[in-house]
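Reviewing the structure listed below.
The values are calculated or read from the model by the stated rules, or taken from the named source; none is laboratory data. Everything numeric here is computed off the predicted structure, so don't read it as measured data. Cβ placement follows ideal geometry from the backbone for every residue including glycine, while neighbour counts extend to all protein chains displayed. Please note that ligands, DNA and RNA were not included when accessible areas were found on the heavy atoms of the full protein model with its side chains. Shrake-Rupley method; radii C 1.70, N 1.55, O 1.52, S 1.80 Å.
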Amino acid sequence: MATGVDVLAASSYAVLLLHLLAIGTIASVVEERSIYLILMEGEPVAFHGDVLSSQQGRRFDPKSEAYKVHANKLVDSHDQVLESTLDKGSYNKLYSFKHVLNGFAVHTTPSQAKKLQLAQGVKLVERDRRAKSMTTYTPEFLGLPQTVWTQEGGDRNAGDGIVMGFVDTGINPFHPSFAYDILNPLTSNLSHFSGACETGPLFPPFSCNGKIVSTRFFIAGAQAAASLNATIDIPSPADAVGHGSHVASIAAGNAGVPVTVNGFYYGRASGMAPRARVAVYKAVYPTVGTLADVVAAIDQAVADGVDILTLSIGPEEPPQDTVTFLSIFDIAMLFARRAGVFVVQAAGNSGPGPSTVLSYSPWVVGAAASRTDRRYAASLLLGNGLNVSGVGLSAPTFGNGSLLYRLVLAKDAINLSGAFPRTSEYVEECQHPEAFDPNVVRGSIVLCSFSAGFYNETSTLTAIFDTARVLGFMGFVLVANPSYGDFIGQPIPFSVSGALIPKVADAKIVSQYYEQQTLRDARGIVRQFNARAAIQDGGVATFGVQAPIVSRFSSRGPSFIDINRNPSDVLKPDILAPGNEIWAAWSPVSALDPILTGYNFALLSGSSMAAPHVAGIAALIKQKYPSWNPSMIASAISTTATKFDNNGGIIMAEGFNIGSLYSSNNFDFGAGFVNPTHAMDPGLVLSSEFEDYISFLCSMPFIDRFAIKAATRVWCGQSIGHPANLNIPSVTISALRRSLTVRRSFKNVATKPETYVSLAIPPNGTTITLRPPWFTIAPEGTQDLDIEINVIKSTNEFTFGEIILTGSLNHIVRMPVTIRPVSIV
């Protein structure tokens, strides 16, 4: 029988259990906080009537008293909305956007965010989607030193007076690409620009040296989104990643900087506009990147007065709950454009599949990436005289091919008595020194295999380097494995002699030679290693190969309007530029790439590398034509691009299969490969203003007019009838039924009258009639061109053509045409 004490104890236990269950239930429904971006009604400071500036080339003066008063008023209104709407202690305001956007970023729960959606004055609430990061020879490949730089006074003047803003991972201020040259001082007037030099760890006050004119960092979003690592998520403009330094030096790095890695000289690096100034806005960190930090950086960069804004970073995915054009990120770029800033964005690195672009809007230039005509080819010389091609920026084995060394397959050199797992990581991939018999591998070239660890991205080249150093390999070769197919090998610097052989067919040649020369016993154990080989120099470049070629990773069009990837009437990407194997500045910290730790230069690939090429060219155009608006600069770059390679054939593109090529189209390269020489003298340009972009949005049938008003603060007024009527240097119609006539308006920016003859090459399934078929246009004159497109066959697939205007003074103006004919009635 239970005693009174037992009953009391059982009762107390039951009460305690219920209490713990209640706490657990409450804990289970506690909401996790996220970052939200909010837009408010009312004009930001830059476009408020009381603060517009009369300064030439600038619409507002951030130092004026009126500017400061209105800015403080906006910040107070943001605080009032938060205090009156959200529960106390439920949120943390991260930023107030007040310069070109009116809004704020807040860290709070989903239920509190829903309250904000209903608050007075709030127009748009969007959850943060996170953000991520997306030259020695390219100036020569683009023809800059011989032509454009000569026109602009050589590299001692190219880009002078232009301030280029970079929203990225920061900058390495000690790099020679950003050094101030006291023998060639920068003396141009920067009265239109007003930045600040924020300092901090690894970023002393003298970092702003005249070449670097402004440095800021934005970290509140990153701090709210994740637990940061104090050793790499540095709270200063210092670049712990390397990406930001790389991007800035491609666009605006000093001319003629020697590139030396592992004691090997690779040439000289120069930015596209080497005399341009650099303004840094660090907004992406090794641990995390947030759109809150990126949007705050864009807002500040425009307020500071940058001329060009480079975004080699961006959202990780399309917006979930709104059309692509109306995300807060794209709206921030729209208002930067309204303020007169040329914005270029990396198109993305998710190719070669369709509709993978992360650049959507017509007010920003999306850059796709290509190969240049430079290649680095390592090779393995076998004892039978065969040379097997490979990849790797590596010094040769001693003797540079005149001496041959023992060739050993990794799994034939394992320590048979060793206590380690017999997995591919240990046996085949050369990741662990303890797996090998030192007497076998010392002084040998070891064949490592691309197996499960590399396929799953758990094994690394860095581990092979460490194994090779510890055990004294003469060199290593990482060969393709038939079980996993070909792999993509990039020519990165190797700290030991080595090569990658990424093709299975080549790996089989090596394997066959090795097995022919190797003596085994009945158990398969090697008794005599007779195969010999040497690794030849992988750091010597060859030039003149077919180029450009659209890189496999470069994101493809068509552009789309929503998460379902319904296509839009905007061509993306806009332009093709070098983005594959680009030498540029780096940060020795290299927090995300241990293989590059300690290096001041890196050879990288990505649309992140293409965007600053375009930005630098835009800076040169802006320098020559300071009164041009951003759309005129974009037009000059687009209409002068080429769709042909250096052999005279259509530009090719890399496909899904490694090594495969196909004839590219508008969704691969936009208008074509950038040609800076012709872009400096385009003959005709097309121009669009902020109001035109609003009319474009309002002409789209599936976009809610109230959503446009909420995002842009502008009611839909005058319509352009169809989105394809936006005056941009391309014609894209995502669903053409029967017939449509669109119009383009051109301005003559040349110094003489010129007569142009119009030619249309219609996409399959269509006919195109141009009116007028020819015209004469005076300097500063304008000319409308009506483009009538008729469906003659319903293909329901995108097809491609172009319009070419050929001038009597040798100007050629090209516009890509992209149509999906869906109905002939």
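Taking the Cα atoms of the stretch 375-541 alone, what are Rg (to one decimal) and Dmax (as a whole number) in Å?
Considering the stretch 375-541 through its Cα atoms, Rg and Dmax are 14.4, 46 Å.
How many Å² of accessible area per residue for the stretch 630-721, probe 1.4 Å? Spell out each step's value before the answer.
Working: 3490 Å² over 92 residues.
Per-residue accessible area for the stretch 630-721 comes out at 38 Å².
Hand me the chymotrypsin sites (Phe, Trp or Tyr not before Pro) from the stretch 617-698 located in a DSSP loop with no more than 13 other Cβ atoms within 10 Å, in residue order please.
Answer by residue number: Phe656.
Looking at the stretch 588-710, what % of the alpha carbon pairs are farther apart than 23 Å?
Tail fraction, whole percent: 56.
Could you give the length gained on full extension between Phe174 and Leu386, defined as 0.36 nm per residue of separation minus the Cα-Cα distance, in nm?
Extra length from Phe174 to Leu386 when fully extended: 71.8 nm.
Starting from the Cα-Cα distance between Asn229 and Thr795, subtract it from 0.36 nm times their residue separation and give me the gain in nm to one decimal.
Full-extension gain reported as 198.4 nm.
Efficiency by 1/(1 + (r/R0)^6): what FRET value for Thr260 and Val526, r their Cβ-Cβ distance, R0 = 35 Å, to the nearest 0.05?
It comes to 0.30.
Determine the per residue accessible area of the stretch 375-541 with all protein chains present and a 1.4 angstrom probe, expressed in square angstrom.
Computed with neighbouring chains in place, this is 43 Å² per residue.
For the stretch 327-435, what mean projected area does the convex hull of the alpha carbons give, in nm²?
Directional mean of the projected Cα hull area for the stretch 327-435 stands at 13.9 nm².
In sequence order, what are the phi-derived ³J(HN,Hα) couplings for the stretch 534-542 according to the Karplus relation 6.51 cos²θ - 1.76 cosθ + 1.60 with θ = phi - 60°, rounded to whole Hz, with x for glycine and proline?
For the stretch 534-542, the Karplus-derived couplings read 9, 9, 9, 4, x, x, 9, 8, 10 Hz, x marking Gly and Pro.
Calculate how many DSSP beta bridges within the stretch 409-552 are antiparallel, expressed in % of all such bridges and rounded to the nearest 5.
Around 35 percent antiparallel, to the nearest 5.
Hey, how many Å between the Cα centroid of the stretch 235-296 and the Cα centroid of the stretch 100-124?
That distance is 34 Å.
Ignoring ligands, DNA and RNA, what accessible area per residue does the stretch 285-350 give at 1.4 Å, in Å²?
15
Give the aspartates and glutamates whose C-alpha is closer than 19 Å to that of Lys622, dropping any in the same chain fewer than 8 places away, or say none.
Cα-Cα hits under 19 Å: Glu152, Asp155, Asp160, Asp304, Asp307, Asp574, Asp681, Glu689, Glu780.
Show the residues, 5+ positions off or on another chain, whose built amide H is closer than 5 Å to the amide H of Phe97.
HN-HN under 5 Å from Phe97: Gly103, Phe104, Ala105.
Give me the number: length gained by fully extending Asp681 to Ser483, i.e. 0.36 nm times residue separation minus the C-alpha to C-alpha distance, one decimal in nm. Each step should come with its number before you reach the end.
Values: separation 198, 0.36 × 198 = 71.28 nm, distance 5.33 nm.
Length gained, Asp681 through Ser483: 66.0 nm.
Assuming a viscosity of 1.306 mPa s and a temperature of 10 °C, what translational diffusion coefficient in µm² per second does Stokes-Einstein assign to the stretch 156-289, Rh being the Kirkwood radius over Cα pairs?
The Stokes-Einstein estimate is 104 µm²/s.
Ordering Thr356, Thr818 by how much accessible area each has at a 1.4 Å probe, largest first, what is the list?
Thr356, Thr818
Just to confirm a number: summing +1 for Lys and Arg and -1 for Asp and Glu over residues other than Tyr693 whose beta-carbon lies under 10 angstrom from that of Tyr693, what do you get?
-1
I'd like the FRET efficiency for Leu809 and Lys132, computed as 1/(1 + (r/R0)^6) with the beta carbon distance as r and R0 of 45 Å, rounded to 0.05.
Numbers: r = 46 Å, r/R0 = 1.01.
For Leu809 and Lys132, the calculated efficiency is 0.50.
Taking all protein chains in place and a 1.4 Å probe, what share, in percent, of the accessible surface of the chain do carbon and sulfur account for? Numbers along the way, then the final one.
Details: 16970 of 31650 Å².
With neighbouring chains kept in place, the figure for the chain is 54 percent.
Once amide H atoms are placed 1.01 Å from N in the peptide plane, what residues at a sequence separation of 5 or more from Ile575, or on another chain, have their amide H within under 5 Å of its amide H?
Sorted by chain and number, the residues that satisfy this are Gly366, Ala368, Ala671.
Could you list the square roots of 5 times each eigenvalue of the Cα gyration tensor of the stretch 34-127, that is, the equivalent ellipsoid semi-axes, sorted largest first and rounded to whole Å?
28, 11, 10
Do the alpha carbons of any pairs in Lys93/Lys282; Lys624/Lys752; Lys709/Lys747; Lys98/Lys572; Lys211/Lys282 sit beyond 25 Å of each other, and which pairs?
Violating the 25 Å limit, Cα to Cα: Lys709/Lys747; Lys98/Lys572.
Within the stretch 119-133, find all residues whose amide N lies under 12 Å from a label point positioned 7 Å from the Cα of Glu317 along Cα-to-beta-carbon.
128-130
Compute the orientation-averaged projected area for the stretch 683-792 from the convex hull of its Cα atoms and round it to one decimal in nm².
So the mean shadow area of the Cα hull is 7.7 nm².
To the nearest 0.05, how large is the calculated FRET efficiency for Ile824 and Leu592 if R₀ is 45 Å and r is the Cβ-Cβ distance?
With R0 = 45 Å, the Cβ-Cβ based efficiency is 0.25.
Can you give the alpha-carbon Rg of the chain over 2.2 N^0.38 Å, where N counts its residues?
Normalised Cα radius of gyration, the chain: 1.05.
Out of the stretch 494-534, which trypsin sites (Lys or Arg not before Pro) are coil in DSSP terms and have no more than 10 other C-beta atoms within 10 Å?
Loop-located and lightly packed - Arg523.
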